[in-house]
Structures are given as structure tokens and as C-alpha cells.
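**Q** Just dropping this structure here.
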Amino acid sequence: MAVAAVRAVATTLRRSSVFLEGSRPLSTSSASQQKFNVPPSGNDLPRPGGIASMMRLPVQNDTQGLDACFVGIPLDIGTSNRSGTRFGPRQIRTESVMLRPYNNWTGAAPYDSLQVADIGDVFLNMYDLKDAVKNIRDAYTKIVANGCKPLTLGGDHTLTYPILQAIKDKYGPVGLVHVDAHADTHDQMGNEKVAHGRPFYRAVEEGLLDCKRVIQIGLRGTGYTDYDYDWSRSQGFRVVQAEEVWYKSLAPLMEEVRAQMGDGPVYLSFDIDALDPAYAPGTGTPEIGGLTSHQGLEIIRGCRGLNLVGGDLVEVSPAYDPSGNTALTAANLLFEMLCVLPGVQYRRG
């Protein structure tokens, strides 16, 4: 019986194309048969099975040989209301087992042309936000050094600030597509200059952004003053409040965004609270009257053709959505980001 059991396990591993070295999955397919990593099919490896990497992709420790990577930042010590985003990356990965490698609407087949893996989570000082920011910057300096394009699972929005620091060191100031319920442009809150409501103020202050190539989409909610968004506009940002796009397709807006961004490097930052809490309740600072999930897809798909150098999906706080649907939505949006990276092949469309 013992021999039969060993043979059964070996057969299962061959069929699922999962190869283990110690406890770390190295590949989802035989290197002799296939050039690029491809997520395993649910027909080959049951969805509840396997190691919970993003889309059950191979896991590796660095970006060697990668065109793009998924990376987690389990950060929530920059939050101002409900915490819990430190668990966002883990839950997004768990829900990502539902994703398949081909985009049935756009025709994007990212695993036909890009080498992609999950490189795990950034090490953070969980007790000191300023030190955590340094940890993130140092990690991303290495991640982007060879041109690999990181897609980040968050984690609170503080994380975008040190990522942009590393991106600027590699590419210079970048354009930004920022999708969010909040502008995140406060200088200080509680005498602190670093937190999830300040990343883009700090980014402008440090010259990380090409401000004429910045758009903020989905801003809404009650405010402190009648000029809450004036600072963004005064820097040259385009601001599109959520009410401006109620009941509308965002495809025409994204045509304008592509013209605004031009050929220069662009970073995409998507806060899950940009979506109405009916679609994404699992977040720390929800605001009613938000974007629909369909509009979220239109924004990301509308970034096709941009010179994207990375992106993030932040502020998923799983405890506030026991259904898991917020993290499932986040996983889908991250896959859509992968689909619009430069170099992705399209089988049609």
C-alpha cells in the first residue's frame, strides 16, 4: 500500500506539473516542454490544492529571468481607520485560484509571451512605518533593477510612496493613473508625514511624478473643506470625481488618458475603495457612490498601449468581507494589469 501511495503522489505531481524543491514550488511546467510559466489548470490541480501563490504560479526569491512579477506587501500600520490590510496579499492569492491564464474578452494571453512568477512578500518592520517604507524602497530597487515590472498586492496605500521612489531611480519621474476614492495628498495627519493618506503629496515633493501626466479617477465622499482637490489640480493633475462618471462607460475617458500619458513611463495605482462598497466592502475607508467593477475593468483595460512600468492593488482588508469577494475582485484586477503590460501577446482583438 505504501508503494502504491508513493506512485499515486508521483503521478499526481507529473499531471499537475508542479515540481518541488524543499517546500518551494519552482515551476508549473516542465522547462523542456514550455518556455513560460503558466498557472495550472483546475483540471490538473484542484483549485483548493497547491501552494497559495498568485494564480498558483511558481515562487522564486528574486526577479532573475522575469519580465513581470507579483509581490506582496503585508502593510497596515499606515492606516487611519480600519486596519487589516496586512492580510490583503494572502487573501488575494487565495482567491486567485479562480483565475485562468487567458482573457476571454480582450484576447490577452500574458503567459504566451511574458515570464511571470510570484516572488513572495517584502520583509517589513511591522512596528515602525518609516523603517517599513525604507524596507519597501530597498526591496523594489532590486526588483526593478533588471526591468522586471512589479504588480503589487497590498497592503495599505503608504506602500506606493516607496515603490515610486524606486521606480523613479530606475525610470525617472513617471506618469500616474491613480484610481481611488481619496486623493491621498495630505501633507500631514497627526503630525506624521508618512501614512496611507499622503503618498502622492510626498511623491510630488520628491519629484517622483511627471505631474502633467497624472490622473486621479473616482474621488468622492465628504470632505474637510470645499477645496480638498485643489492641491491636486494646482500640481497639474487631472481629477475625475466619481459623480462625473456615474452611469457612463469609461472607455472614452481612457482614450483621453492614453493621449495624456503619451509614450513615457507610467505607473498604475488602484485602491480597491475606488469601487463602491457594494462591490468591494472589504476595505478600511469605504465611501458610497463609487465606481462599478465594470468601470474598474474599463480603466485597466484602457491602459493597454501605455508604457506601464508597474502597478499595485491596495487597501484590501479581508476581515470586512467574509465572502472573499473583495479579494477575488482584487485578484481579477491584478490579472487585468498583467494583461496590459508591454510585450503581452494577444491571440485576437
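The values are calculated or read from the model by the stated rules, or taken from the named source; none is laboratory data. The structure displayed is predicted, hence computed values, not measured ones. Backbone-built Cβ (ideal geometry, glycine too); neighbour counts: all protein chains shown. Accessible surface areas use protein heavy atoms only, side chains included; no ligands, DNA or RNA. Shrake-Rupley method; radii C 1.70, N 1.55, O 1.52, S 1.80 Å.
**Q** Return yes or no: is residue 331 buried (at least 24 other Cβ atoms within 10 Å of the Cβ), touching a residue at least 60 places away in the same chain (Cβ under 8 Å) and either of a type outside the set (D, E, K, R) or touching a Gly at 6+ places or on another chain (Cβ under 8 Å) (or both)? Steps first, answer last, please.
**A** On the way: buried (at least 24 other Cβ atoms within 10 Å of the Cβ): yes; touching a residue at least 60 places away in the same chain (Cβ under 8 Å): yes; either of a type outside the set (D, E, K, R) or touching a Gly at 6+ places or on another chain (Cβ under 8 Å) (or both): yes.
Yes.
**Q** Next question, about the same structure. Which residue is farthest from residue 285 (Cα to Cα), if the candidates are limited to the stretch 307-323 and must be open to solvent by less than 20 Å² (accessible area, probe 1.4 Å) and in contact with a Gly (Cβ under 8 Å, 6 or more places away or on another chain)?
**A** At the first step, the residues of the stretch 307-323 found to be open to solvent by less than 20 Å² (accessible area, probe 1.4 Å) are 308-317, 321.
Subset that is in contact with a Gly (Cβ under 8 Å, 6 or more places away or on another chain): 312-317, 321.
Numbers: 312: 18, 313: 15, 314: 12, 315: 9, 316: 10, 317: 10, 321: 13 Å.
Selected residue: 312.
**Q** To continue, here is another question. Within the stretch 167-182, which residues are touching a Gly at 6+ places or on another chain (Cβ under 9 Å) and open to solvent by 10 Å² or more (accessible area, probe 1.4 Å)?
**A** Matches in the stretch 167-182: 168, 170, 171, 172, 173, 182.
**Q** Going through the stretch 236-275 one residue at a time, which ones are outside any helix (DSSP H, G or I), within 19 Å of residue 293 (Cβ to Cβ) and among the acidic types (Asp, Glu)?
**A** 271, the sole residue that qualifies.
**Q** To continue, here is another question. Residues of the stretch 111-152 being in contact (Cβ under 8 Å) with a residue 60 or more places away in the chain, more than 22 Å from residue 91 (Cβ to Cβ) and of a type in the set (Ser, Thr, Tyr), which ones?
**A** Within the stretch 111-152, 111, 113 qualify.
**Q** Out of (1) buried (at least 16 other Cβ atoms within 10 Å of the Cβ); (2) touching a helix residue (DSSP H, G or I) at 6+ places or on another chain (Cβ under 8 Å); (3) among the polar types (S, T, N, Q), what's the single condition that is false for residue 292?
**A** (2)
**Q** Have a look at 319, 330, 278 and point out the one that is small (Gly, Ala, Ser), in a helix (DSSP H, G or I) and over 18 Å from the mean Cα position of the chain (by Cα).
**A** Values: 330 fails: over 18 Å from the mean Cα position of the chain (by Cα); 278 fails: in a helix (DSSP H, G or I).
Selected residue: 319, the only one of 319, 330, 278 that is small (Gly, Ala, Ser), in a helix (DSSP H, G or I) and over 18 Å from the mean Cα position of the chain (by Cα).
**Q** Can you name the condition, by its number, that residue 84 falls short on among (1) open to solvent by 40 Å² or more (accessible area, probe 1.4 Å); (2) of a type outside the set (Ser, Thr, Tyr); (3) out of contact with any strand residue (DSSP E or B) (no Cβ under 7 Å at 6 or more places or on another chain)?
**A** It fails just one condition, (1).
**Q** Do we find that residue 108 is of a type in the set (A, V, I, L, M) and open to solvent by 60 Å² or more (accessible area, probe 1.4 Å) in this structure? Spell out how you get there, then give the answer.
**A** On the way: of a type in the set (A, V, I, L, M): yes; open to solvent by 60 Å² or more (accessible area, probe 1.4 Å): no.
Judged against the criteria, residue 108 is not a match.
**Q** Here is a further query. Across the stretch 281-302, what is the total count of residues that are outside any helix (DSSP H, G or I) and either within 14 Å of the chain's Cα centre (by Cα) or of a type outside the set (A, V, I, L, M, F, W, C) (or both)? Give the derivation first.
**A** Step one: filter the stretch 281-302 for residues outside any helix (DSSP H, G or I), giving 281-292, 302.
Going one step further and asking which of them are either within 14 Å of the chain's Cα centre (by Cα) or of a type outside the set (A, V, I, L, M, F, W, C) (or both), we end up with 281-287, 289-290, 292, 302.
Residues that pass the stated criteria total 11.
**Q** When the stretch 183-203 is examined, which residues are found to be open to solvent by 30 Å² or more (accessible area, probe 1.4 Å), outside any loop (DSSP other than H, G, I, E, B) and over 23 Å from residue 123 (Cβ atoms)? It would help to see each step written out before you state the result.
**A** Of the residues in the stretch 183-203, the ones open to solvent by 30 Å² or more (accessible area, probe 1.4 Å) are 186-193, 201.
Restricting the remaining residues to those that are outside any loop (DSSP other than H, G, I, E, B) gives 189, 192, 201.
Passing the criteria: 189, 201.
**Q** Among the listed residues 139, 117, identify the single one that is part of a strand (DSSP E or B) and either over 24 Å from residue 285 (Cα atoms) or out of contact with any strand residue (DSSP E or B) (no Cβ under 7 Å at 6 or more places or on another chain) (or both). Explain how you work it out, then say what you get.
**A** On the way: 139 fails: part of a strand (DSSP E or B).
Checking each option against the conditions leaves just 117.
**Q** Can I ask one more? Taking the stretch 282-299 as the region of interest, how many residues are in contact with a Phe, Trp or Tyr (Cβ under 7 Å, 6 or more places away or on another chain) and either farther than 17 Å from residue 182 by Cβ or of a type in the set (A, V, I, L, M) (or both)?
**A** Quick first cut of the stretch 282-299, residues in contact with a Phe, Trp or Tyr (Cβ under 7 Å, 6 or more places away or on another chain) only: 282-283, 292-293.
Then drop every residue that is not either farther than 17 Å from residue 182 by Cβ or of a type in the set (A, V, I, L, M) (or both), which leaves 292-293.
The qualifying residues number 2.
**Q** Which one of these is modelled with pLDDT under 95 and either more than 25 Å from residue 76 (Cα to Cα) or open to solvent by less than 10 Å² (accessible area, probe 1.4 Å) (or both): 284, 302? Steps first, answer last, please.
**A** Details: 302 fails: modelled with pLDDT under 95.
Result of the check over 284, 302: 284.
**Q** I want to confirm something. Restricting to the stretch 111-135 and keeping residues that are open to solvent by 10 Å² or more (accessible area, probe 1.4 Å) and among the charged types (D, E, K, R), which single residue is nearest to residue 154 (Cα to Cα)?
**A** 121
**Q** Going by the conditions given, is residue 235 open to solvent by 40 Å² or more (accessible area, probe 1.4 Å) and touching a residue at least 24 places away in the same chain (Cβ under 8 Å)? I'd like the intermediate steps shown before the answer.
**A** Working: open to solvent by 40 Å² or more (accessible area, probe 1.4 Å): yes; touching a residue at least 24 places away in the same chain (Cβ under 8 Å): yes.
Criteria met by residue 235.
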